[in-house]
Amino acid sequence: MKFAILGGGSWGSALAITLAKNNHQVKVWEFFQEQAQEMQQKRVCKLLPNALLPDNIFISHKIEEIVSDTDVILLVVPSDKVEVTVEKAKHLFLNQPVIICSKGFGEGLQLLSEAVQKQVAGNVYCLYGPTHAEEVCQGMFSGIVLAGKAGKERQQLQESFHSPVFNVEVSDDIIGVQLCAALKNILAVFVGILDGKKLGDNAKAYVITKGLEEIKTIGLKMGAKSETFHGLAGIGDVIVTATSKHSRNRHVGEEVGKGRKLDEVLAEMKMVAEGVTAVKRAIGFKEKLGLHLPLVEGLHTILFEGKDAGEVLANLSAKSAKVQPMVIRS
């Protein structure tokens, strides 16, 4: 099959390598011309220094060279660039299936699948799971979930990605899989803050458990399936994002926990940390859906109001047990 990947960052490049190793023809659109030329000529992605791009991957900054004559289109740009990217390229689309690999939301509180489906004629799928690009590109074992309408097309897409080291499961729950993918970054930021303040493993277990409950609360309200939150796209992605050295969302939280300003940390990052935006979106869901999300609210006060993480944890515990809070000092 012929794949077009829109987005030449670490995850786009890792997926390109995965597909190329499965003997598919792959074309990658990289926004920056100089970077696209370097990738094409030197066969490397600077965000994945330990990986080489196989010869059956073509890279260009000209989007028309990438989208034309392809069977499948992958969207792997930052979530806030998904809609503008599709708008830019949709005149080149035919009826190809579109697979969203970006983790986040569209304008307002739209799911990305809803935003993209309004602009394209082909079926829309989502590909999410506990898969750090740094490991996938090296052929280390990983599992992921392809969500979307069941049928022959989804089966063909599943088979095109699947390999002994890249296990692809399928799901009909495109709502739940997307919410897990976008909102789990919130927990990674919070866990990073706890690490930065050296508040211990027990606190991290509390935040992961209670945080996943809140994500599930949002999901069920929006029509997601309960089991999704206990699978690869749910708890699986939470584990890898909240605990891994590769997690940029966890890194942001850790630096904030050490006392640095959020804006300063974000300014020095080479890649996007979606978790900070996800916190704001989750607050939007809380207000829109009338939900009780104390952990999400607590993280929001840490990031944007300068509250102490220990104090926030103490307040969470007090509300849960209905007792007077005692401040936890790091």
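The values are calculated or read from the model by the stated rules, or taken from the named source; none is laboratory data. Bear in mind that the values here come from a model prediction, so they are computed numbers and not experimental data. With ideal geometry, Cβ positions are generated from the backbone for all residues, glycine too; neighbour counts draw on all protein chains shown.
Could you identify the single residue in Val207, Val240, Val168 that is on the phi < 0 side of the Ramachandran plot and at pLDDT 95 or above?
Val168
Only one of these is modelled with pLDDT under 95 and among the acidic types (Asp, Glu): Glu107, Glu153, Glu159. Name it.
Residue meeting the stated conditions: Glu107.
So Gln158 clears everything in (1) under 18 Å from the mean Cα position of the chain (by Cα); (2) assigned to a helix (DSSP H, G or I) except one condition, right? Which one?
(1) is the only condition that Gln158 fails.
What is the residue count in region 256-304 for residues that are in a helix (DSSP H, G or I) and within 16 Å of the chain's Cα centre (by Cα)?
Adding up the residues that qualify gives 9.
Evaluate region 305-319: report whether one residue or more is out of contact with any strand residue (DSSP E or B) (no Cβ under 7 Å at 6 or more places or on another chain), of a type in the set (Lys, Arg) and modelled with pLDDT under 85.
yes
Say whether the condition of being of a type outside the set (A, V, I, L, M), within 30 Å of Phe32 (Cα to Cα) and surrounded by 21 or more Cβ atoms within 10 Å (Cβ to Cβ) is met by at least one residue in region 210-232.
No.
Give all pairs with beta carbons closer than 9 Å in which a residue from region 78-89 that is surrounded by fewer than 20 Cβ atoms within 10 Å (Cβ to Cβ) meets a residue that is among the polar types (S, T, N, Q); count only pairs at least 6 apart in sequence or on separate chains.
Pro78/Ser102; Asp80/Ser102; Asp80/Thr277; Lys81/Ser102; Glu83/Gln110; Glu83/Gln119; Glu87/Gln119
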